[in-house]
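These notes are about the structure you will find just below.
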Amino acid sequence: MNILAIESSCDDTSAAVLTERGMQSNVIASQAIHVKFGGVVPELASRAHQTTISQTVQQALNEAELSINEIDLIAVTQGPGLMGSLLVGLCFAKGMALANDIPIIGVNHMDAHIYANFIDAKPEFPFISLTVSGGHTQLVHVKTPFEHEILGKTRDDAAGEAFDKIGKVFGLEYPAGPTMDKLAQSGNTKFHKFPQALLREGLDFSFSGLKTSALYFVQDQEEGFIEENLNDLCASVSEAITEVLVKKLKRAVEQTGVKTIALAGGVSANSMLRAKTEKLAEKMGVSLHIPKITYCTDNAAMIAITGKMKAELGEFDGMEIRPFASL
Ligand code: KG4
Ligand code: ZN
């Protein structure tokens, strides 16, 4: 089965082709336009998707050396995401499916982050996924394919949002997560102790207190202090975010008794989180799966693999399929 996948839920337009030989292409067109606004502007995102989607899909087909006539299935993100952005990808996919008589499958973007782990590996069910992105932070008990129980989630900001918003307070460009990660690598995690919320309480997360604390900390400093100590501050914030994530992940493993854990979503690209999770897995004697970096942040390859898994279960959609912003 040759699968063409399309992802356009936020600010990356992506198309991928998956065949029996593996992932043949995964083209990602990122939108630079949002940087000057310090965050994604939904209206601009939809317009940019509309401009780039044809060439992104064509490039994915070209790199896979396939024509649309050789595609057996179109998998497309149905939600969650920005409504305008989702509409562009879904309408394009429906048009292609209708014109070429190809079946279509709608994919949940958050499921896809989890199943990105199946592109290069075969995690055993059941497992716990720590799904951490710009919009979500969830501990998911993945019992069998697509049978999920959300054990814990954030009560306010997502982990990626915390990286981005605190980075902005430090003067970093959007999205600040990857830059924070880089700077933190040569910083001192003990430079300042930022708060770690809800540590003794259940499996939910909260990052808004950390954000406020970082804001007050910055306001209290003399001019030049933040720039001079940027690496240490990034390391201290990264420590606070990743410690909570890993401690809650540990608790979820203890509560469920699963033998496998996985990381998913854009924040799983974070080097401190990856290192801490590796240590945790070793200590607990559980196996760990982390997608390679390009499959962590938004991409269509994860939509392709999830579409394939849904096709194997016979979960096809019809032409009435429509997007759901809060799927
Ligand atoms: O999954 P994703 O690409 O998009 C959403 O579905 O939200 O996640 C994007 C988020 C952003 O907040 C970005 O700053 C964060 O993931 N991120 C990182 C890293 N790479 C991406 N955060 C920390 N360290 C990174 N290396
Ligand atoms: Zn995402």
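The values are calculated or read from the model by the stated rules, or taken from the named source; none is laboratory data. Because the structure is predicted, anything quoted here is derived from the model rather than measured. Every residue, glycine as well, gets a Cβ built from its backbone with ideal geometry; the counts of neighbours run over all protein chains shown.
Select, from 199, 203, the only residue that is more than 16 Å from ligand 1 (Cβ to nearest atom) and in contact (Cβ under 8 Å) with a residue 60 or more places away in the chain. It would help to see each step written out before you state the result.
On the way: 199 fails: in contact (Cβ under 8 Å) with a residue 60 or more places away in the chain.
Matching residue, one of 199, 203: 203.
Would you say residue 223 is over 30 Å from residue 285 (Cβ atoms) and at pLDDT below 95?
Taking the combined requirement at face value, the residue satisfies it.
Scan 159, 93 and give me the residue that is among the hydrophobic types (A, V, I, L, M, F, W, C) and within 10 Å of ligand 1 (Cβ to nearest atom). Explain how you work it out, then say what you get.
On the way: 93 fails: within 10 Å of ligand 1 (Cβ to nearest atom).
None of the others qualify; the one that does is 159.
Can you tell which of 94, 36 is surrounded by fewer than 21 Cβ atoms within 10 Å (Cβ to Cβ) and more than 23 Å from residue 305 (Cβ to Cβ)?
Result: 36 is the single residue among 94, 36 that is surrounded by fewer than 21 Cβ atoms within 10 Å (Cβ to Cβ) and more than 23 Å from residue 305 (Cβ to Cβ).
For segment 173-182, state whether one or more residues are away from ligand 1 (no atom under 16 Å from the Cβ), of a type in the set (Asp, Glu), assigned by TED's automatic domain parsing to the domain that holds residue 270 and exposed (fewer than 15 other Cβ atoms within 10 Å of the Cβ). Explain how you work it out, then say what you get.
So the first thing to find is which residues in segment 173-182 are away from ligand 1 (no atom under 16 Å from the Cβ), and the list is none.
Within segment 173-182 (the criterion being away from ligand 1 (no atom under 16 Å from the Cβ), of a type in the set (Asp, Glu), assigned by TED's automatic domain parsing to the domain that holds residue 270 and exposed (fewer than 15 other Cβ atoms within 10 Å of the Cβ)), the answer is no, since none of the residues qualifies.
Being within 16 Å of ligand 1 (Cβ to nearest atom), of a type outside the set (S, T, N, Q) and either assigned by TED's automatic domain parsing to the domain that holds residue 169 or part of a helix (DSSP H, G or I) (or both) narrows it down to one of 275, 252, so name that one.
Unique residue meeting the criteria: 275.
Just the residues that are closer than 17 Å to residue 235 by Cβ and surrounded by 17 or more Cβ atoms within 10 Å (Cβ to Cβ), please, taken from segment 270-288.
The answer is 270, 272, 273, 274, 276.
Pairs please, first residue from segment 147-167 and on the phi > 0 side of the Ramachandran plot, second anywhere and among the hydroxyl-bearing types (Ser, Thr, Tyr), Cβ atoms under 6 Å, 6+ apart in sequence or on different chains.
No pair meets every condition.
Residues to consider are 244, 267, 258, 237; find the one that is within 16 Å of ligand 2 (Cβ to nearest atom) and of a type in the set (A, V, I, L, M, F, W, C).
Testing whether each residue is within 16 Å of ligand 2 (Cβ to nearest atom) and of a type in the set (A, V, I, L, M, F, W, C) leaves just 267.
Does segment 282-293 contain any residue that is within 15 Å of ligand 2 (Cβ to nearest atom) and either part of a helix (DSSP H, G or I) or free of Cβ contacts under 8 Å to residues at least 12 places away in the same chain (or both)?
Yes, segment 282-293 contains at least one residue that is within 15 Å of ligand 2 (Cβ to nearest atom) and either part of a helix (DSSP H, G or I) or free of Cβ contacts under 8 Å to residues at least 12 places away in the same chain (or both).
Name the residues in segment 5-24 that are in a strand (DSSP E or B) and farther than 23 Å from residue 46 by Cα, would you?
Once the filter is applied, which keeps residues that are in a strand (DSSP E or B) and farther than 23 Å from residue 46 by Cα, segment 5-24 yields 18, 19, 22, 23, 24.
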